[in-house]
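Worksheet: the structure to be examined is printed underneath.
The values are calculated or read from the model by the stated rules, or taken from the named source; none is laboratory data. For clarity, every value in this text was computed on a predicted model and none was experimentally measured. Heads up, the Cβs are rebuilt from the backbone with ideal geometry, glycines too, and the neighbour counts pull from every protein chain shown. Heads up: the accessible areas ignore ligands, DNA and RNA and are worked out on the full protein's heavy atoms, side chains in. Shrake-Rupley method; radii C 1.70, N 1.55, O 1.52, S 1.80 Å.
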There are 2 protein chains.
Amino acid sequence: MAKIVAERSDVTPVLAEIFREHGFEGASLSVISEKTGLGKGSLYHFFPGGKEEMATTVLRDIGQWFEEHVYLPLREAEDPRMAISAMCRSVADYFRSGRRVCLVGAFALDDVRDRFADQVRDYFAEWRAALATALEKAGNDPARAGELAEEAVIAIQGALVLGRALDDTAVFERALARVEGRLLAGKD
Amino acid sequence: MAKIVAERSDVTPVLAEIFREHGFEGASLSVISEKTGLGKGSLYHFFPGGKEEMATTVLRDIGQWFEEHVYLPLREAEDPRMAISAMCRSVADYFRSGRRVCLVGAFALDDVRDRFADQVRDYFAEWRAALATALEKAGNDPARAGELAEEAVIAIQGALVLGRALDDTAVFERALARVEGRLLAGKD
DNA sequence: TCAACTATGTTCCAATCGGTACAGCCAAGA
DNA sequence: TCTTGGCTGTACCGATTGGAACATAGTTGA
């Protein structure tokens, strides 16, 4: 058979979507094999550690994407208010207006959280910290910046839950608009 | 062997805790059998429909608890502001300050949402509606009441996610305090 | 007192699980 | 051209899955 893709980096986003859809336990090797188009042999060639290595790879991938597109722009922005707006756009894009689930959030609610505790914690801790940094640069005092940042992350995650529960993308869009407004206003 | 408990209603809360801890796919019959202390024979006597029936029973149980302790008091409160405060206390209790996960929220993020879509949707829809009713009675106009209610439910769910991800119960407590303050203030 | 019924533990089942072994395939370098 | 080594499909492994069957023990009503 011809060498078509054969790079871990090509398979990782597909794996991410599978884990998002089925969760860790629900993602069986057979559905992984089917949706990636890779036989078990290939899967274990790329991920000798099996499902666990697939999941950590996916989590690292997600972490890197957020670091590059969200955390770093927030931390190093010249105009923090513009960076915050940009974050909201990126997040809306990434989560497809709530149609897409946050894999890290889903893992956090599951008992697999324990197996990936470090990566799950870091994802949210860095998000909160980067947003707080931007909020401070926008003129909020440290305590207020931390509170606003935490509230924003909470609202985004909660909106993903509620939006999927009600099967209504408007929930997420409304929530994100509120988040942006409150972050930019800075007051209660 | 002696008849010890032998009621569905005795097993249901245990099942709920198992599903909360492991998710639907992760809750195998063997752990269910172990934690309930019931053999497979007994489990299938009480729940002929297998795991699916166990889950729907648990969801119905949760729905009834919230109807009785949260939704109904909110809808029929004489003093809506006191009812809102009572809701916050009930919720903090129920979720054990964030140490306990919202099973319905966890299901919403999983692909099992599709199998229990109606129960998942109703849980959140009724919560939002009951809270909005109380907020209207407290003097908010309907649009504002709906927005505040949605925001509160989102914040609670998001706080459960973030709290578990960071393994920090203070996250949930802070969030709930903010929710109560904002619901009672009524303004932005 | 004795059948009828309910609850329970044990056992078994086919299917599927995650994972391994391995033989061959292909493209590229020597 | 031949070799090499990364990739792939297939067959298979033991373990576990969700589920069903069944014999028996406890309870109950006649």
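Would you mind finding the one in B:Leu131, B:Leu184 that is under 16 Å from B:Arg81 (Cβ atoms), within 15 Å of the chain's Cα centre (by Cα) and more than 9 Å from chain A (Cβ to nearest Cβ)?
Numbers: B:Leu184 fails: within 15 Å of the chain's Cα centre (by Cα).
Result of the check over B:Leu131, B:Leu184: B:Leu131.
Can you name the residue in the stretch B:29-42 that is surrounded by 12 or more Cβ atoms within 10 Å (Cβ to Cβ) and more than 8 Å from DNA strand D (Cβ to nearest atom) and is also nearest to the other protein chains (Cβ to nearest Cβ) among such residues?
The extreme case among them is B:Lys35.
Given the criteria at pLDDT below 95 and farther than 30 Å from A:Ala27 by Cβ, does B:Arg81 qualify? Before you say what the answer is, go through the steps one by one.
Working: at pLDDT below 95: no; farther than 30 Å from A:Ala27 by Cβ: yes.
Criteria not met by B:Arg81.
How many of the residues making up the stretch A:43-72 are open to solvent by 40 Å² or more (accessible area, probe 1.4 Å) and either more than 13 Å from DNA strand C (Cβ to nearest atom) or within 14 Å of chain B (Cβ to nearest Cβ) (or both)?
9
Quickly run through the stretch B:113-143 and pick out the residues that are out of contact with any Leu (no Cβ under 6 Å at 6 or more places or on another chain) and more than 21 Å from A:Leu160 (Cα to Cα).
If the condition is that a residue be out of contact with any Leu (no Cβ under 6 Å at 6 or more places or on another chain) and more than 21 Å from A:Leu160 (Cα to Cα), then B:Thr133, B:Glu136, B:Lys137, B:Ala138, B:Gly139, B:Asn140, B:Asp141, B:Pro142, B:Ala143 are the ones that fit.
Please work out which residue is surrounded by the fewest Cβ atoms within 10 Å (Cβ to Cβ), limiting yourself to the stretch B:142-160 and to residues that are of a type outside the set (A, V, I, L, M) and within 9 Å of chain A (Cβ to nearest Cβ).
Of everything passing the filter in the stretch B:142-160, B:Glu147 is surrounded by the fewest Cβ atoms within 10 Å (Cβ to Cβ).
From A:Glu21, A:Glu25, A:Glu17, grab the single residue that is within 11 Å of DNA strand D (Cβ to nearest atom) and within 14 Å of another protein chain (Cβ to nearest Cβ). First the steps, then the outcome.
Values: A:Glu21 fails: within 11 Å of DNA strand D (Cβ to nearest atom); A:Glu17 fails: within 11 Å of DNA strand D (Cβ to nearest atom).
None of the other options fit; the residue is A:Glu25.
Residues in the stretch A:143-165: is at least one without any contact (Cβ under 8 Å) to a residue 60 or more places away in the chain and outside any helix (DSSP H, G or I)? Lay out the reasoning, then the answer.
First, pick out the residues of the stretch A:143-165 that are without any contact (Cβ under 8 Å) to a residue 60 or more places away in the chain: A:143-155, A:157-158, A:161-162, A:165.
Add one more test, that the residue is outside any helix (DSSP H, G or I), and what stays is none.
No, the stretch A:143-165 contains no residue that is without any contact (Cβ under 8 Å) to a residue 60 or more places away in the chain and outside any helix (DSSP H, G or I).
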